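S.K.: Please read through the structure below; I'll follow up with questions.
Bear in mind that the values in this text are calculations on the coordinates, not laboratory data. Here the structure is a predicted model, which is why all the values come from computation and not from measurement. Cβ coordinates were reconstructed from backbone atoms using ideal geometry, including for glycine residues, and neighbour counts include every protein chain displayed.
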């Protein structure tokens with residue numbers, strides 16, 4: 001999965017002015033650099049343009065957009081936790097039409113590479129959002145936020161069920177331009193994330209975004225009630241990074257060719273490198289933006305230094321490099337089972 | 001379209017001084033390039049605990065005053081109430097300790113174009129941004145009657161500074177340890193009913209702002225209230241600091257305190273619905289069984 005690189009102790013002395021190829025191919029999505037913003041942490045880019053040139057990173061992943069305007073949940077919507085935070089925003093947003101007219105238009109005019117994150121309460125809603133985006137154009141890829149409750153299935157989260165996840169991805173694929181890559185954003189709150197990854201890949205996802213937040217909860221010990229109005233919330237930030245690295249590792253081990261966008265608590269170039277070595281073809285920076293609004297640009301510069309100091313001359317050489325001496329026979333055998341299983345029967349997709 | 005908060009910048013500042021003031025601390029910090037851009041009512045966010053800190057969220061503070069101090073470039077002051085881990089850490093910093101600052105953030109108070117009569121109402125350390133506001137209003141020839149109040153004398157803030165820049169200053173405490181026993185809104189009603197008032201400016205706890213807005217609007221007096229909502233980012237990307245505000249079109253939207261505020265028109269905020277998504281709010285999800 002990656003070309004051999006000779007890493008020696010002396011390589012730390014590589015001169016800064018030597019050429020470095022920072023481009024990455026995340027499947028068919030070619031990016032100038034592997035650093036993206038994570039959905040929900042960058043709005044639609046405009047607010048961050050003050051703090052760094054948003055066109056100088058790999059791209060902006062926008063906050064998940066739904067079909068209609070949405071007010072989100074009551075406040076309090078957040079609580080700080082050790083090296084992280086909980087949020088329960090409830091997908092507040094202006095709806096896809098306003099998003100296309102205002103946010104997407106601005107990003108296009110600004111010249112930023114754009115990955116549009118979409119959400120829905122049913123596979124049908126995901127499809128309608130994708131269809132509106134197909135008509136509008138002006139973006140580079142879609143990230144499908146399947147960590148939404150399925151209103152047609154007692155609020156069961158799509159991402160926690162391989163069939164429901166696959167159904168959403170297939171609907172989005174059918175309603176999107178074939179040239180637009182689709183990434184399924186996976187939840188770590190599952191028994192076997194490889195099974196979900198294999199299922200969405202089979203259903204037409206060109207890659208996966210790993211990971212979404214973990215479900216968590218905080219009790220306010222003053223009020224002695226849940227701290228969030230929405231009771232539970234998504235845990236993000238550096239606290240979850242090892243979970244993200246594990247998920248990326250497992251998916252890369254089982255599905256060596258599946259493009260992966262890694263995310264979850266990346267705060268430094270060092271953290272980003274960890275994800276790249278585990279198998280990420282690109283890395284999104286999320287909650288760290290709240291801590292440091294210029295974090296994506298800083299992390300991009302730090303990652304380049306981390307790679308150079310280890311003797312890499314191309315970003316792509318480092319992708320999955322931590323797997324180089326690992327025998328994945330067991331994991332790959334397991335994933336073949338999953339793939340075979342997924343092949344068996346697609347009748348559940350009723351459209 | 002211009003970017004949001006188009007004047008805001010991120011700078012490395014340095015602590016100049018930390019002074020105790022009753023229950024609060026006044027931090028003076030260098031903020032080169034940032035201080036010079038600040039208008040009354042804007043705020044600054046500060047990262048907590050250093051680079052490897054486990055506290056990943058910045059804290060927001062209303063800017064009390066900015067100064068140009070020769071060798072330091074611009075400096076600014078803000079008031080900290082040490083209530084949690086982050087604010088305790090901050091108040092223990094000493095001269096020359098580094099700080100990561102982002103600002104000036106948010107919409108400032110709208111200033112009158114004519115020399116009008118203004119009442120300023122501050123609750124607790126909400127009086128801090130009124131100092132810079134009062135200076136600007138006095139520069140414009142406005143009359144500035146200021147009311148500051150708190151539950152008790154130790155929680156009053158800014159008496160000396162505000163006395164210097166105000167036409168009159170009224171103190172209120174709920175326990176009667178200083179000034180008039182009662183609430184700021186009692187003193188506000190007295191002024192509103194006895195004199196010509198054109199604008200009321202307020203900063204303080206939500207219940208106080210709700211009363212200020214109610215009493216002002218009932219008398220057809222324009223009010224501007226600076227809210228304090230809990231924020232994760234302060235720059236408009238996290239969507240945690242929202243509250244229901246009625247727009248020019250009559251539609252209620254969940255607006256962000258950090259970029260659409262923190263200063264809102266008192267008659268536009270649905271005060272009794274803060275903390276909820278009220279019926280009729282744009283995009284309120286219909287309950288599904």
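S.K.: What is segment B:231-289 by shape, rounded, prolate or oblate, if you read a ≥ b ≥ c off the alpha carbon gyration tensor as root eigenvalues and call it rounded for a/c under 1.5, prolate for a/b larger than b/c, and oblate otherwise?
M.R.: Values: a/c = 2.01, a/b = 1.23, b/c = 1.63.
Oblate, because a/c is 1.5 or more while a/b does not exceed b/c.
S.K.: Something else about it: For residue A:270 paired with residue B:54, estimate the spin-label separation in nm (one decimal), with each label point 7 Å from Cα along the Cα-to-Cβ line.
M.R.: 1.8 nm
S.K.: How many nm separate the modelled label positions at residue A:221 and residue A:97, each set 7 Å beyond the Cα in the direction of the Cβ?
M.R.: The answer from the label model is 5.0 nm.
S.K.: Compute the Rg/Rh shape ratio of chain B: radius of gyration over Kirkwood radius, all on alpha-carbon atoms.
M.R.: Values: Rg = 18.8 Å, Rh = 19.5 Å.
So for chain B, dividing Rg by the Kirkwood Rh gives 0.96.
S.K.: Which residues in segment B:12-38 place their backbone N less than 18 Å from a point set 7 Å from the Cα of residue B:113 along the Cα-to-Cβ direction?
M.R.: Within reach of a label on residue B:113: no residues.
S.K.: Between residue B:251 and residue B:217, with labels modelled 7 Å along Cα→Cβ, what's the label distance in nm to one decimal, could you check?
M.R.: The modelled label-to-label distance comes out at 2.0 nm.
S.K.: Averaged over peptide A:36-49, how many Cβ atoms belonging to another chain are found within 10 Å of each residue's Cβ? List each step's numbers first, then the result.
M.R.: On the way: counts 0, 1, 0, 0, 3, 4, 3, 9, 1, 2, 8, 12, 6, 5.
Partner-chain Cβ atoms within 10 Å, mean over residues of A:36-49: 4.
S.K.: Under 1.5 on a/c is rounded, so check that first for segment B:64-179, then, if it is not, pick prolate when a/b is larger than b/c and oblate when it is not; a ≥ b ≥ c are the square roots of the alpha carbon gyration tensor eigenvalues. Kindly include the intermediate steps, with their values, before the conclusion.
M.R.: Values: a/c = 2.17, a/b = 1.19, b/c = 1.83.
It is oblate, given that a/c is not under 1.5 and a/b is not larger than b/c.
S.K.: Is the shape of chain A rounded, prolate or oblate, going by the alpha carbon gyration tensor and its root eigenvalues a ≥ b ≥ c, with a/c under 1.5 for rounded and a/b larger than b/c for prolate?
M.R.: Values: a/c = 1.38, a/b = 1.21, b/c = 1.14.
It is rounded, given that a/c, with a ≥ b ≥ c, falls under 1.5.
S.K.: Which whole number gives the average, over all residues in B:238-250, of C-beta atoms from other chains lying within 10 Å of the residue C-beta? Kindly include the intermediate steps, with their values, before the conclusion.
M.R.: Working: counts 14, 13, 13, 4, 8, 1, 3, 0, 0, 0, 0, 0, 0.
The per-residue average across the peptide is 4.
S.K.: In addition: Could you tell me the center-to-center distance, by alpha carbons, between segment B:119-178 and segment B:44-104 in angstrom?
M.R.: 23 Å
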